[in-house]
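Asker: The structure under discussion is supplied below as structure tokens; questions concerning it will follow.
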């Protein structure tokens, strides 16, 4: 009987026993006084959160089979059975999302994840059956070829390398990855010990922590009665702060609370950061927001995709391309996990991304709608468009011949200086408008976020620092624009321009906490250009 047949029977019965493995070969260790294995490690919240984040993030990304085209492009190979295996359902009992969550979780905890590749009579993959890592041992034969020994009741079953889908974590050899739980046993043990200590403290401790002093010795019966009465009145957090009634001249001597002296809270936070390092996950992704700020959280989210998610996606892609795509089709098909799926949570960023690609002719309307799970709009949506002023590098500098019918039949009247200045203002107005709008949008977003998360006193204290920081941001954004406009109206003394730039925060300080609409921002743009023009007129008056 094939192993996949037995596995299907196991899956239809005790699934928990199958997934966790009934013949665990891993030998747990004791660290920090705690028993550390792959099951107890998951009871530590930081480990559970890190593994869950990585596994569910990788599983949520679109996994596709693509077919290469003669023109250098590619298209979805929806009609291929392998597309169904990786994108929809690897086997009748589990979907693609849950299959990837399971495999990536195993790879993060054990360092390895395995699945049997079931094939039909034509050697095409038809199902992927996960096998618990505790039951599999990769080995080499006398020819140095890799094979896999799978333990079960009775004799082990031997599989050749092309029949096992194997995801390796970080390792020191080419056979298998290292178990993160085994390597991080000290860190995990310390975290479990801290959990156990905190639980015991609140379960057995009393807020009136100290010793009872009796003037005389107590009999066993009196001691037991006193201990029982004390526990009944004061043991446990729900009985904290109850007054104690002392008899027969007894005295209470308080002992200071130990958690503060041991810096218990700091040690718990350190454990979270330790686990985050082991799994290469930013602390804010597993619930530690101490060092996450509004300004850096976006960049941290980008970094975790590049440093943590993409490596696991590449492992899945490469194993699929090598073992699931037949030798004849390797040059025609390939698998792709699209990390752009992580953008789906941010509609504004997604819209800007699509607009940029469409304006440069890299994507059409129907392709955008497909990425958003929307139906195409017809043949017109298949057209690629781009802005008219774009040209190729070869054509830059070429003089275009104007057809006779388009040539002017009369000379254009010369414009006076005032008209030329007005034309320059109209040309630069959209540039100033866009820069100011970005500044005000950033300002309002920060103010709204902090106003919700802080008390009025904290908000007022924070606001002063933010005004200074935002002022420097405005100068940075506006400097190249102001200098460019000054050059356009032939201002040559840039010391005056720099002085004007430094004065912008002072003139704009009343605009803080002000919600500006487009009309007001447009007026502000014209006002700024008029102020710069005054610098030019002032110089002309001095020269006269």
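Asker: For segment 354-370, enumerate the residues that are assigned to a helix (DSSP H, G or I) and either surrounded by 16 or more Cβ atoms within 10 Å (Cβ to Cβ) or touching a strand residue (DSSP E or B) at 6+ places or on another chain (Cβ under 9 Å) (or both).
Answerer: 354, 358, 359, 365, 366, 367, 368
Asker: Taking the stated definitions as given, is residue 108 over 21 Å from residue 312 (Cβ atoms) and either in contact (Cβ under 8 Å) with a residue 60 or more places away in the chain or more than 33 Å from the chain's Cα centre (by Cα) (or both)?
Answerer: Considered against the rule, which asks whether it is over 21 Å from residue 312 (Cβ atoms) and either in contact (Cβ under 8 Å) with a residue 60 or more places away in the chain or more than 33 Å from the chain's Cα centre (by Cα) (or both), residue 108 comes out as no.
Asker: Right, here's the next one. Is it true that residue 271 is modelled with pLDDT of 80 or more, part of a helix (DSSP H, G or I) and under 30 Å from residue 106 (Cα atoms)?
Answerer: no
Asker: Residues 309, 325, 302: which one is at pLDDT below 85 and either surrounded by fewer than 16 Cβ atoms within 10 Å (Cβ to Cβ) or in contact with a helix residue (DSSP H, G or I) (Cβ under 8 Å, 6 or more places away or on another chain) (or both)?
Answerer: Among 309, 325, 302, only 302 is at pLDDT below 85 and either surrounded by fewer than 16 Cβ atoms within 10 Å (Cβ to Cβ) or in contact with a helix residue (DSSP H, G or I) (Cβ under 8 Å, 6 or more places away or on another chain) (or both).
Asker: Would you check which residues across segment 94-118 are surrounded by fewer than 17 Cβ atoms within 10 Å (Cβ to Cβ) and assigned to a loop (DSSP other than H, G, I, E, B) and list them?
Answerer: Answer for segment 94-118, where residues must be surrounded by fewer than 17 Cβ atoms within 10 Å (Cβ to Cβ) and assigned to a loop (DSSP other than H, G, I, E, B): just 95.
Asker: Mind checking whether some residue in segment 342-353 is assigned to a helix (DSSP H, G or I), under 32 Å from the mean Cα position of the chain (by Cα) and either modelled with pLDDT of 85 or more or under 22 Å from residue 84 (Cβ atoms) (or both)?
Answerer: No.
The values are calculated or read from the model by the stated rules, or taken from the named source; none is laboratory data. Everything numeric here is computed off the predicted structure, so don't read it as measured data. Virtual Cβ from ideal backbone geometry, glycine too; neighbours counted across all protein chains shown.
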